Structures are given as structure tokens and as C-alpha cells.
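A short write-up of the structure that comes next.
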Amino acid sequence: GKGVWSEGGQGGRPLPLRMSGSFTSGSKKPWVVCKFGGTSVTYVKSWMQIVSRVKELLPNHRVVLVLSALSQVTNRLERCLEEAIAGQELASLQWIEETHRRLAKEVNLPKEALKGVLQMLEELDQLLHGLTLIKEVSPRLRARVCAFGERMSTSLAVEILKHHGVAASLLDSKQFLQTEAGPALADEG
């Protein structure tokens, strides 16, 4: 998963998780984790509310935002896989790019703020063109393609927050969360 972290410019069943790395060091301020779904990260009005809430929390908290892909992007990524396998034009990929460009424009980001998203779209385009040759999708590749939605939304989120004066950085949960093996739990029923 991806998240956006800000510290005010200061530098089924749940799995058992342990925090590690630099994410836990430093400030003694309490953490606030805010999760926003696809609809909340798709529209400029929602983003202005998110920015306002983050600014409100930052004086006394360390803030982590956990974000979904923009609304309908995951569905379109699934459709991209279908289009690639069928050898069709990747219309869904174009829709995904236009959706991210629209949001960036609406929040008045400079064009260079889309650099990360555009690089991911290029990588995704290459993966999809490879699928036109092999014509099958493994579960691992499907998960990789679908993860682009969250990767792009969090990249854009960092740029939106920075544009509004919030010191933000992108964190990959693989860098600071570890799962631990535990006893298998029987289904309750």
C-alpha cells in the first residue's frame, strides 16, 4: 500500500504489524491516520477539505494519509487488461491519464507536478503492450497493474499537498510495516 506522510515540515482479520525504520523515530507527537476513498481523492472540492484538515492537524500531530485510487480507476485498470489481451486500443488507459490530468489542472498544479504520474502511465503502457503478445494475465501481474491506481493517486496527493504549503512525502508501506506469522485462525461461523 501507499501512503502520504506529513510531519509539519519536521523532517478479514488484521495481520499483526510492527512499525520499523525511520518512520517511527523523531517526533513525539501522536499519529493521526486518515483514510480517503476514491470519491474523496477524485474531486478538487474534496482535496481542499483534505488539505484543510491536514493543516488543522499538523501543529499537534504527525499525519499519515492512506489513499485509494481515483474513483473508477481500478475498474479502468481491469478493463485495460481486457483490452490488452483482446488486442484492442487501450481506451481505458487514455481515460486514466485524462482523469489524472483533469484533477491536476483543477487544483492548479504546474505541469511538472504530473511527472511521476506520467512515468507510471508509461510503465503501465509498456506492461499492457507486452500483454498483447502473451494474451494472459497472471494473478501477480493483475495485482501489479491494479496497484498503479493507488500509486498514481498518492503521487498526485504529494504534489497537491506541497502546492498548498504542506511538507509531504510519499511512503511505501513495505518500508516500515512487516507482517508476522501467527497461528492460523479458524473461520467463525
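Looking at Ser71, Ser169, can you tell me which residue is of a type in the set (Ser, Thr, Tyr), modelled with pLDDT under 95 and under 20 Å from Thr42 (Cα atoms)?
Ser169
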Criterion violated by Val64 - all others in (1) under 27 Å from Arg53 (Cα atoms); (2) open to solvent by 50 Å² or more (accessible area, probe 1.4 Å); (3) β-branched (Val, Ile, Thr) satisfied: (2)
Failed condition for Gly149, given (1) crowded, with 19+ Cβ neighbours inside 10 Å; (2) modelled with pLDDT under 95; (3) in contact with a Ser or Thr (Cβ under 7 Å, 6 or more places away or on another chain): (2)
Single match in Thr24, Thr39 (criterion: under 17 Å from Ser153 (Cβ atoms), of a type in the set (S, T, N, Q) and at pLDDT below 95): Thr39
Condition met for Ser92 (polar (S, T, N, Q), open to solvent by less than 10 Å² (accessible area, probe 1.4 Å) and under 22 Å from Arg144 (Cα atoms)): yes
Members of the range 103-121 found to be surrounded by 14 or more Cβ atoms within 10 Å (Cβ to Cβ) and farther than 21 Å from Arg144 by Cβ, listed by number: Leu103, Ala104, Val107, Leu109, Ala113, Leu114
The range 150-167 residues that are farther than 21 Å from Glu98 by Cα, paired with ones that are small (Gly, Ala, Ser) and open to solvent by less than 20 Å² (accessible area, probe 1.4 Å) (beta carbon under 7 Å, 6 or more apart): Lys162/Ala168; Val166/Ser6; Ala167/Ser6
Count of residues meeting criterion [open to solvent by less than 50 Å² (accessible area, probe 1.4 Å) and within 24 Å of Pro139 (Cβ to Cβ)] in the range 68-86: 9
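The values are calculated or read from the model by the stated rules, or taken from the named source; none is laboratory data. Everything quoted here is computed from the prediction, not taken from an experiment. FYI the Cβ positions are ideal-geometry reconstructions off the backbone, even for glycines, and counts take in every protein chain you see. Accessible surface areas use protein heavy atoms only, side chains included; no ligands, DNA or RNA. Shrake-Rupley method; radii C 1.70, N 1.55, O 1.52, S 1.80 Å.
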